[in-house]
């Protein structure tokens, strides 16, 4: 094998997404489908910042083993008015002993995120010239619950 160097990351932004009331589609042949709609939010990092627009969401699938698979599409508007399409998949694996605590919307944001595994793989699309560099990068993210929504630390893979 060739030595191609270690994979490294650099902070891209932190993002908080406000969630609409969830829509439970029900249990189908591959698990329970739930839509967690985006009601807005913000993102901020060293190279870009702005707002998460309403209308996106996570078409999550809860597998029979309790792991949630993510299927997210969001639209970001930068502080200077450009639009960015953000998509990501990922996994949220929670130990069975924690699931009751995470099911309570009033207190679930108080559960220490170190006790569950919540990782994503964001990709971006934009026609904005000043943000065109986003079209060519791969990112990783760590998710955690906040009051009224969800938050992520997103890093660019170098």
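The values are calculated or read from the model by the stated rules, or taken from the named source; none is laboratory data. This structure is a prediction, so every number in the text was calculated from the model and none was measured. Cβ sites come from the backbone with ideal geometry, for glycine too, and all protein chains shown count toward neighbours.
Residue check: is residue 134 crowded, with 17+ Cβ neighbours inside 10 Å and either closer than 30 Å to residue 27 by Cα or in contact with a helix residue (DSSP H, G or I) (Cβ under 8 Å, 6 or more places away or on another chain) (or both)? It is false that residue 134 is crowded, with 17+ Cβ neighbours inside 10 Å and either closer than 30 Å to residue 27 by Cα or in contact with a helix residue (DSSP H, G or I) (Cβ under 8 Å, 6 or more places away or on another chain) (or both).
Restricting the first member to the range 69-85 and to residues that are free of Cβ contacts under 8 Å to residues at least 12 places away in the same chain and at positive phi, and the second to residues that are part of a strand (DSSP E or B) and crowded, with 16+ Cβ neighbours inside 10 Å, the beta-carbon pairs closer than 9 Å and six or more apart or on different chains are 81/50. The single condition among (1) under 30 Å from residue 133 (Cβ atoms); (2) surrounded by 15 or more Cβ atoms within 10 Å (Cβ to Cβ) that residue 81 does not satisfy is (2). When the range 79-117 is filtered for residues that are assigned to a helix (DSSP H, G or I) and touching a strand residue (DSSP E or B) at 6+ places or on another chain (Cβ under 8 Å), the ones remaining, listed by number, are 102, 108, 109, 113. The conditions of being modelled with pLDDT of 95 or more, under 24 Å from residue 26 (Cα atoms), touching a helix residue (DSSP H, G or I) at 6+ places or on another chain (Cβ under 8 Å) and not in a loop (DSSP other than H, G, I, E, B) are met by residue 145. When the range 1-37 is limited to residues that are under 25 Å from residue 53 (Cα atoms), free of Cβ contacts under 8 Å to residues at least 24 places away in the same chain and in a strand (DSSP E or B), the one that is nearest to the chain's Cα centre (by Cα) turns out to be 37. Checking every residue in the range 44-58 against the condition of being more than 18 Å from residue 150 (Cβ to Cβ), assigned to a loop (DSSP other than H, G, I, E, B) and at pLDDT below 95 gives zero matches. Filtered by the rule that a residue be touching a strand residue (DSSP E or B) at 6+ places or on another chain (Cβ under 6 Å) and either within 14 Å of residue 56 (Cβ to Cβ) or exposed (fewer than 11 other Cβ atoms within 10 Å of the Cβ) (or both), the range 25-41 gives 35, 36, 37, 38, 39, 40, 41. Consider the range 95-131 and keep the residues that are within 17 Å of residue 75 (Cβ to Cβ) and in contact with a helix residue (DSSP H, G or I) (Cβ under 8 Å, 6 or more places away or on another chain). The one that is surrounded by the most Cβ atoms within 10 Å (Cβ to Cβ) is 124.
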